[in-house]
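*Asks:* Next up is a structure, given as structure tokens.
The values are calculated or read from the model by the stated rules, or taken from the named source; none is laboratory data. The shown structure was predicted, so the numbers you read here are calculated from the model rather than taken from an experiment. Cβ: placed from backbone, ideal geometry, glycine included. Neighbour counts: every protein chain shown.
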Amino acid sequence: MAKFLVNRLVQGMLVILGVTLVVFVATRLVGDPVQMMLPLSASAEQRAAFSQELGLDQPIGTQFLSFAADLLRFDFGDSLWQRRPALDIVLAKLPKTLQLIAAGFGFAVAFGIPLGALAAVRPDGLLDRIIVSVSLIGLSVPQFWLGLILVMVFAVNLGLFPTSGSGSLAHIVLPAVTLGIPSMARIMMLTRSSVIAELNQQYVRTARARGLPFRRILFGHTMRNILVPVLTLTGWEVISAWAGYTVVVETVFAWPGLGMTAMNAINHSDMFLLQAIVFVVAVGIVLVSILLDALYKLIDPRIDLA
Amino acid sequence: MTATHLATIPAQRPRPAVFRAAGGFLAELSKDKAAFAGFLFLVLVVLAAVFAPLLAPHDPAAQSVLARLKPPAWTARGSAEHLLGTDMLGRDVLSRLLYGARASLLVGTSVVLLAGSFGVLLGLVSGYRGGRTDTVIMRVVDVFVAFPGLLLTLLLVAMIGPSTPTMIVVLAFSNWMIYTRLVRGIVMSMRTTPFIEAAEVLGCGPRRILQVHVLPNLVPPLLTLAILEFTNILLAEAALSFLGLGVQPPGTSWGLDIANGKNYMLLAWWPITFPGLAIALTVLSINLFANWLRVTTDPAEREKRHARGRLRLLRRKAAANG
Amino acid sequence: MDDPAMTADDTAPILELRNLEVEFDTRAGTVHGLRGVSFAIRRGETLALVGESGSGKSVTASAIMGLIQLPGAVTGGEILWKGQSLLGRAGERRARRLRGREMSMVFQDPMTSLNPLMSIGSHLVEVQRRHMGLSRRAAAARGAELLDAVGITEPHRRMGQFPHELSGGMRQRVMIALAIACEPELLIADEPTTALDVTIQAQVLDLLSDLQRDMGLSILLITHDLGVVAGLCEQVAVMYAGEIVETGAADDIFDRARHPYTQGLIRSTPRLTDRSERLVSIDGAPPGLLHPPAGCAFEPRCPQSSERCRARPALAAEPGRQGAFACWNSTPSAWPEAAPGPKASFA
């Protein structure tokens with residue numbers, strides 16, 4: 001376990017270092033931060049002063065080291081747009097995004113796993129065909145468009161939910177469903193194919209020979225065995241939502257989380273705020289993936305973490 | 001150039017085997033109605049993209065204040081002038097749809113080719129060389145996979161400045177790893193199979209072994225992966241354009257059109273509905289076709305499909321008897 | 001078997017197969033897995049079903065246990081448990097109640113036969129709770145006793161272990177414990193020792209033999225290895241290409257096999273007491289069951305085939321001897337060089 005943790009922490013440090021490097025190259029070398037962040041009307045003196053403040057007159061190696069050191073201390077500087085520490089803004093918006101992800105994936109898992117298992121009971125049966133078709137459609141529809149259509153139908157025409165914003169419980173329904181549907185479709189497909197494969201395993205045959213009823217075999221035996229692949233996928237889906245797909249959903253629904261803040265930062269050319277978000281999200285990814293690996297060990301005693 | 005003209009090109013070089021293969025392919029495909037419909041739709045999309053200037057009734061960028069928000073032709077206020085209506089600026093939705101197919105296919109194809117060739121190359125090196133090279137490459141892959149994908153993409157695009165080429169490069173940058181993992185896995189497992197070992201003993205050079213033995217085994221899974229990745233890129237392109245970080249006006253893209261239409265979607269449903277349907281149907285068609293391809297190239301899957309067909313037949317018989 | 005002291009109930013078979021047919025529907029066509037298989041097992045009897053791989057032994061066992069799955073299906077004949085059919089809608093309902101309780105099965109591969117994510121104890125508790133209505137605690141206590149009974153040391157510790165922590169022989173013992181947990185009357189053992197080391201094989205066979213004696217079990221032993229048969233079984237049925245070609249008492253079969261295939265099989269089995277002869281195999285391969293031959297299936301490989309063999313021989317009893325065989329031209333030894341004289345020992 002200790003070896004596993006050390007291994008994963010090293011891996012995590014590499015990821016953080018990689019992200020730092022990419023952000024550094026993107027913000028300091030590819031883009032011109034001075035031009036991006038100062039208004040066009042800024043004078044030459046103002047530009048030079050700002051450039052010096054950022055340390056852009058230093059050699060590139062020194063620049064990177066001080067840049068990385070600042071990031072590792074979670075010192076991202078002040079947001080140019082809101083005139084307060086970027087980290088404060090990130091931390092203030094974080095809970096909203098976490099709420100959205102929790103609700104979205106609660107929905108995806110609560111529907112994806114049971115429906116997938118149901119489809120697997122009779123492959124190619126009527127129910128299976130319906131479930132597979134629905135998940136194929138769910139996979140194919142662009143998320144932002146799905147969100148707009150849901151708003152038109154359920155918020156505008158039926159008036160069941162608010163069109164955007166946050167505050168009440170009703171506010172989270174449409175964004176969460178929009179975020180969750182593609183993941184639900186993928187979880188459903190994987191659960192289905194895993195259960196079908198699992199039901200062909202020898203241990204299922206022996207369980208049947210022991211006279212155990214199908215229901216008992218399905219719920220008592222196979223569901224536990226498909227948990228590792230399904231959990232892997234769900235974890236991956238959560239990570240990719242966390243790594244950016246909430247941006248799309250939050251933009252559509254004006255959900256005041258990290259994603260919408262990232263879009264605002266881009267539109268305001270607020271580089272400091274944007275890199276703070278990217279960095280915090282990267283750290284989150286590392287933590288979540290370590291947590292997931294530890295969870296596998298709990299489910300499957302055969303997994304050797306070292 | 002017309003469709004008949006295209007069809008005559010292979011005839012100049014007589015290759016009947018190709019025709020027979022194509023005929024067999026279509027015959028096999030037509031057995032799966034959903035996959036066949038998907039394939040037909042994809043052919044339509046490709047034709048629309050290629051022949052957009054010939055097919056489009058209007059200039060997709062031509063604005064007309066008088067013809068703003070005209071509904072589709074079949075509705076009460078619609079006119080045959082604009083089959084699918086017009087948007088807020090009076091631009092023809094159908095024409096924009098046809099041109100929008102170009103952006104989707106261009107970005108999708110370029111990114112898959114760019115990311116695919118880089119990823120495959122790295123996977124071949126990693127799997128074939130093994131040892132320290134492999135460790136280093138896989139570590140790099142692990143790091144890239146753990147990057148905050150879309151967010152980093154947004155950052156890069158925002159820094160470089162949004163444009164179609166930027167989008168292609170950035171999407172390729174964050175989507176090559178899956179090819180490396182796939183190729184490395186297959187090469188690794190094949191290196192230990194007896195026939196590769198035998199070829200090595202017989203003195204085949206690494207290049208020849210790769211060409212003759214490894215590549216043929218890589219093609220079917222790679223093809224399926226590339227097709228599925230294409231759908232991901234298509235959706236990513238649409239999302240980026242929707243966020244204003246992809247295709248820039250006066251260019252056209254389905255995602256961009258939805259972004260434009262979203263502000264007045266309560267007044268007019270058509271400017272966002274048709275581009276959205278175009279994306280969804282294209283991605284759905286590719287998924288259906290890819291699924292069919294995967295099943296068809298896998299003998300075990302074909303046997304299962306046959307068994308399930310029989311199962312349905314038996315159930316129907318049982319239902320008729322009981 | 002004809003002992004008049006036995007009651008009618010004891011001499012009646014507990015399991016009987018009549019002309020059982022199983023077909024598999026594949027893309028290439030219909031594979032005739034079983035082509036009319038008949039045999040019976042009485043209470044406390046051990047019957048060995050012997051044949052090459054692909055001869056239909058395991059399909060027979062699967063059919064009895066109701067494990068034939070599509071594309072396979074039982075297409076003809078009868079399976080009778082104590083005289084009642086296990087086929088058809090009512091029969092299948094009956095069979096579901098029997099399985100695991102009155103008849104149970106041990107499979108060939110102990111490595112994949114246990115759920116990798118369930119502890120040994122959970123397996124044992126599950127089946128007892130299901131069939132015997134025991135409480136969790138009682139089932140756990142009895143589970144440890146069962147492990148002890150099949151020769152597993154430290155049964156209480158083993159209950160908490162997972163399959164991957166046990167050796168193959170140990171897992172097969174667990175499978176046997178599971179199979180006998182509900183005190184069945186019939187145990188089907190499908191190649192129970194094939195996947196095990198030779199030393200472990202003997203131990204598992206001894207265990208089965210002990211259980212048979214102590215519990216009055218009937219055993220249907222499925223094997224390709226005649227050496228396994230000799231120590232354990234009274235009755236033998238030889239399968240070839242989806243049908244039974246010879247049945248009889250084990251001693252009779254080993255001494256005076258009448259079917260050329262049985263004779264060839266015995267000839268090609270290594271014996272510990274016999275150093276003189278090299279092993280001889282039967283040339284050729286069994287016919288494919290996609291298009292089974294109309295006549296005798298063994299005819300192409302038979303040393304003494306004749307015109308009559310174009311017609312399919314029926315399994316016919318031999319006067320003055322318990323047992324039957326399906327051959328038109330049976331002789332004491334069909335094969336060129338006679339098998340060595342003294343009675344072979346397979347122990």
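*Asks:* Looking only at region C:110-121, count how many residues are surrounded by fewer than 19 Cβ atoms within 10 Å (Cβ to Cβ) and within 7 Å of chain A (Cβ to nearest Cβ).
*Replies:* Our first condition is that a residue be surrounded by fewer than 19 Cβ atoms within 10 Å (Cβ to Cβ); within region C:110-121, this holds for C:111-112, C:116, C:119.
When the remaining residues are screened for being within 7 Å of chain A (Cβ to nearest Cβ), the result is C:112, C:116.
Going through region C:110-121 one residue at a time, the tally reaches 2.
*Asks:* Conditions first: (1) without any contact (Cβ under 8 Å) to a residue 40 or more places away in the chain; (2) of a type outside the set (D, E, K, R); (3) within 30 Å of A:Gln35 (Cβ to Cβ); (4) away from every other protein chain (no Cβ under 14 Å). B:Ile209 passes all but one, so which condition is the exception?
*Replies:* (3)
*Asks:* Among the residues in region C:303-313, are any modelled with pLDDT under 75, part of a loop (DSSP other than H, G, I, E, B), surrounded by fewer than 16 Cβ atoms within 10 Å (Cβ to Cβ) and of a type outside the set (Lys, Arg)? Full working, then the answer.
*Replies:* Keep residues of region C:303-313 that are modelled with pLDDT under 75, which gives none.
Looking through region C:303-313, none of the residues is modelled with pLDDT under 75, part of a loop (DSSP other than H, G, I, E, B), surrounded by fewer than 16 Cβ atoms within 10 Å (Cβ to Cβ) and of a type outside the set (Lys, Arg).
Each row is one residue, and each column tells you yes or no for (1) without any contact (Cβ under 8 Å) to a residue 12 or more places away in the chain; (2) on the phi > 0 side of the Ramachandran plot; (3) over 23 Å from the mean Cα position of the chain (by Cα).
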| residue | (1), (2), (3) |
| --- | --- |
| A:Asp128 | no, no, yes |
| A:Gln143 | no, no, no |
| A:Ser164 | no, no, no |
| A:Ala170 | yes, no, no |
| A:Ser183 | no, no, no |
| A:Met189 | no, no, no |
| A:Val195 | no, no, yes |
| A:Glu198 | no, no, yes |
| A:Thr222 | no, no, yes |
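*Asks:* Can I ask one more? Considering only helices (runs of 4 or more DSSP H) fully contained in region C:166-276, which possess at least 2 residues that are not assigned by TED's automatic domain parsing to the domain that holds C:Leu315? It would help to see each step written out before you state the result.
*Replies:* Working: elements: C:168-180, C:198-215, C:226-232, C:250-256, C:260-267.
Per the criteria, C:168-180.
*Asks:* What residue, among those in region A:4-51 that are within 11 Å of chain B (Cβ to nearest Cβ) and outside any helix (DSSP H, G or I), is surrounded by the most Cβ atoms within 10 Å (Cβ to Cβ)?
*Replies:* Restricting to residues being within 11 Å of chain B (Cβ to nearest Cβ) and outside any helix (DSSP H, G or I), the top hit is A:Gly31.
*Asks:* If you go through region C:39-76 one residue at a time, how many are among the basic types (Lys, Arg) and under 18 Å from C:Leu98 (Cα atoms)? Even if it seems obvious, please write down each step before you answer.
*Replies:* Taking region C:39-76 and keeping what is among the basic types (Lys, Arg), we get C:42-43, C:57.
Filter once more, so that each one left must be under 18 Å from C:Leu98 (Cα atoms): C:42-43.
Of the residues in that region, 2 qualify.
*Asks:* Moving on to the next point. Which one of these is in contact with a helix residue (DSSP H, G or I) (Cβ under 7 Å, 6 or more places away or on another chain), within 11 Å of another protein chain (Cβ to nearest Cβ) and within 25 Å of B:Ala259 (Cβ to Cβ): A:Leu258, A:Leu212, A:Leu227? Explain how you work it out, then say what you get.
*Replies:* On the way: A:Leu212 fails: within 25 Å of B:Ala259 (Cβ to Cβ); A:Leu227 fails: within 25 Å of B:Ala259 (Cβ to Cβ).
Among A:Leu258, A:Leu212, A:Leu227, only A:Leu258 is in contact with a helix residue (DSSP H, G or I) (Cβ under 7 Å, 6 or more places away or on another chain), within 11 Å of another protein chain (Cβ to nearest Cβ) and within 25 Å of B:Ala259 (Cβ to Cβ).
*Asks:* How many residues are in contact with a Ser or Thr (Cβ under 7 Å, 6 or more places away or on another chain), polar (S, T, N, Q) and surrounded by fewer than 24 Cβ atoms within 10 Å (Cβ to Cβ) if we restrict to region B:229-274?
*Replies:* Residues flagged as in contact with a Ser or Thr (Cβ under 7 Å, 6 or more places away or on another chain), polar (S, T, N, Q) and surrounded by fewer than 24 Cβ atoms within 10 Å (Cβ to Cβ) within region B:229-274 amount to 1.
*Asks:* Tell me yes or no: at least one residue of region C:64-72 is of a type in the set (Val, Ile, Thr) and in contact with a Ser or Thr (Cβ under 6 Å, 6 or more places away or on another chain). Show your work before the answer.
*Replies:* Taking region C:64-72 and keeping what is of a type in the set (Val, Ile, Thr), we get C:64, C:68.
Now narrow it down to the ones that are in contact with a Ser or Thr (Cβ under 6 Å, 6 or more places away or on another chain): C:68.
Checking region C:64-72: at least one residue is of a type in the set (Val, Ile, Thr) and in contact with a Ser or Thr (Cβ under 6 Å, 6 or more places away or on another chain).
*Asks:* Okay, moving on. Provide a single number: the residues in region C:71-111 that are of a type in the set (Ser, Thr, Tyr) and either over 20 Å from the mean Cα position of the chain (by Cα) or closer than 23 Å to C:Phe24 by Cα (or both).
*Replies:* Start the filter on region C:71-111 by keeping residues that are of a type in the set (Ser, Thr, Tyr), which leaves C:75, C:85, C:104.
Now restrict to residues that are either over 20 Å from the mean Cα position of the chain (by Cα) or closer than 23 Å to C:Phe24 by Cα (or both): C:75, C:85.
Looking only at that region, the number is 2.
*Asks:* Name every residue in region B:132-163 that is crowded, with 19+ Cβ neighbours inside 10 Å and either among the basic types (Lys, Arg) or more than 10 Å from chain A (Cβ to nearest Cβ) (or both), in order of residue number.
*Replies:* Passing the criteria: only B:Val141.
*Asks:* Just give me the residues in region A:269-306 being polar (S, T, N, Q) and either over 19 Å from B:Val157 (Cα atoms) or modelled with pLDDT under 80 (or both), in sequence order. Show your work before the answer.
*Replies:* To start, the set of residues in region A:269-306 that are polar (S, T, N, Q) comprises A:269, A:275, A:289.
Listed by number, the list holds a single entry, A:Ser289.
*Asks:* So, in region B:85-107, exactly how many residues are within 17 Å of B:Tyr264 (Cβ to Cβ) and either surrounded by fewer than 17 Cβ atoms within 10 Å (Cβ to Cβ) or under 25 Å from the mean Cα position of the chain (by Cα) (or both)?
*Replies:* Total satisfying the criteria: 4.
*Asks:* Taking interchain pairs and intrachain pairs at least six residues apart, which have beta carbon atoms under 9 angstrom, with the first residue in region A:89-115 and under 14 Å from A:Pro256 (Cβ atoms) and the second crowded, with 19+ Cβ neighbours inside 10 Å and among the acidic types (Asp, Glu)?
*Replies:* Partner pairs satisfying both residue conditions: A:Lys96/A:Glu250; A:Thr97/A:Glu250; A:Leu100/A:Glu250.
*Asks:* Here is a further query. Please count how many residues of region C:15-57 are over 18 Å from C:Gly288 (Cβ atoms), basic (Lys, Arg) and outside any strand (DSSP E or B).
*Replies:* Selection size over region C:15-57: 1.
*Asks:* Here are some conditions: (1) without any contact (Cβ under 8 Å) to a residue 60 or more places away in the chain; (2) under 24 Å from A:Val288 (Cβ atoms); (3) away from chain A (no Cβ under 14 Å). B:Thr193 meets all but one. Which one does it not meet?
*Replies:* (2)
*Asks:* Among what's in region C:196-223 and is small (Gly, Ala, Ser) and surrounded by fewer than 17 Cβ atoms within 10 Å (Cβ to Cβ), pick the residue that is farthest from C:Ser53 (Cα to Cα).
*Replies:* Our first condition is that a residue be small (Gly, Ala, Ser); within region C:196-223, this holds for C:202, C:209, C:216, C:218.
After this cut, where a residue has to be surrounded by fewer than 17 Cβ atoms within 10 Å (Cβ to Cβ) as well, the list is C:202, C:209, C:216.
Working: C:Ala202: 21, C:Ser209: 24, C:Gly216: 29 Å.
My answer is C:Gly216.
*Asks:* Pick from C:Leu124, C:Leu147: which is in contact with a Pro (Cβ under 8 Å, 6 or more places away or on another chain) and either surrounded by fewer than 19 Cβ atoms within 10 Å (Cβ to Cβ) or of a type outside the set (Asp, Glu) (or both)?
*Replies:* Details: C:Leu124 fails: in contact with a Pro (Cβ under 8 Å, 6 or more places away or on another chain).
After ruling out the rest, the residue left standing is C:Leu147.
*Asks:* Does B:Leu234 count as modelled with pLDDT of 85 or more, more than 25 Å from B:Phe39 (Cα to Cα) and touching a helix residue (DSSP H, G or I) at 6+ places or on another chain (Cβ under 7 Å)?
*Replies:* Answer is no for this residue.
*Asks:* Can you pull out the residues in region C:70-101 that are closer than 21 Å to C:Arg42 by Cβ, within 14 Å of chain A (Cβ to nearest Cβ) and buried (at least 18 other Cβ atoms within 10 Å of the Cβ)?
*Replies:* Matches in region C:70-101: C:Trp81, C:Leu86, C:Ala95, C:Leu98, C:Arg99, C:Arg101.
*Asks:* Additional query: Hey, can you tell me all the residues within region C:127-144 that are surrounded by fewer than 21 Cβ atoms within 10 Å (Cβ to Cβ) and at the interface with chain A (Cβ under 9 Å from one of its Cβ atoms)?
*Replies:* Across region C:127-144, the qualifying residue is only C:Arg130.
*Asks:* Going by the conditions given, is A:Val286 of a type in the set (A, V, I, L, M, F, W, C), closer than 21 Å to A:Pro142 by Cα and at the interface with chain B (Cβ under 8 Å from one of its Cβ atoms)?
*Replies:* Criteria not met by A:Val286.
*Asks:* Could you tell me which numbered condition C:His291 fails, if it satisfies all but one of (1) out of contact with any helix residue (DSSP H, G or I) (no Cβ under 9 Å at 6 or more places or on another chain); (2) at pLDDT 80 or above?
*Replies:* Only one criterion is unmet by C:His291, namely (2).
*Asks:* Mind telling me which of the residues A:Asp124, A:Asp78 ends up being crowded, with 16+ Cβ neighbours inside 10 Å, free of Cβ contacts under 8 Å to residues at least 12 places away in the same chain and in contact with a Lys or Arg (Cβ under 9 Å, 6 or more places away or on another chain)? Outline the logic, then answer.
*Replies:* Numbers: A:Asp78 fails: free of Cβ contacts under 8 Å to residues at least 12 places away in the same chain.
Answer to the check: A:Asp124.
*Asks:* Residues to consider are A:Phe253, A:Phe272; find the one that is crowded, with 24+ Cβ neighbours inside 10 Å and in contact (Cβ under 8 Å) with a residue 40 or more places away in the chain. Talk me through it step by step, then tell me what you get.
*Replies:* Details: A:Phe272 fails: crowded, with 24+ Cβ neighbours inside 10 Å.
Selected residue: A:Phe253, the only one of A:Phe253, A:Phe272 that is crowded, with 24+ Cβ neighbours inside 10 Å and in contact (Cβ under 8 Å) with a residue 40 or more places away in the chain.
*Asks:* In region B:28-48, is there at least one residue being under 29 Å from the mean Cα position of the chain (by Cα), outside any loop (DSSP other than H, G, I, E, B), at pLDDT below 85 and not charged (D, E, K, R)? Write out each step before concluding.
*Replies:* Kept after step one, since they are under 29 Å from the mean Cα position of the chain (by Cα), are these residues of region B:28-48: B:28-48.
When the remaining residues are screened for being outside any loop (DSSP other than H, G, I, E, B), the result is B:28-30, B:33-48.
If we keep only those that are at pLDDT below 85 too, we end up with B:28-30.
With the extra rule that they be not charged (D, E, K, R), the set shrinks to B:29-30.
Yes, some residue in region B:28-48 is under 29 Å from the mean Cα position of the chain (by Cα), outside any loop (DSSP other than H, G, I, E, B), at pLDDT below 85 and not charged (D, E, K, R).
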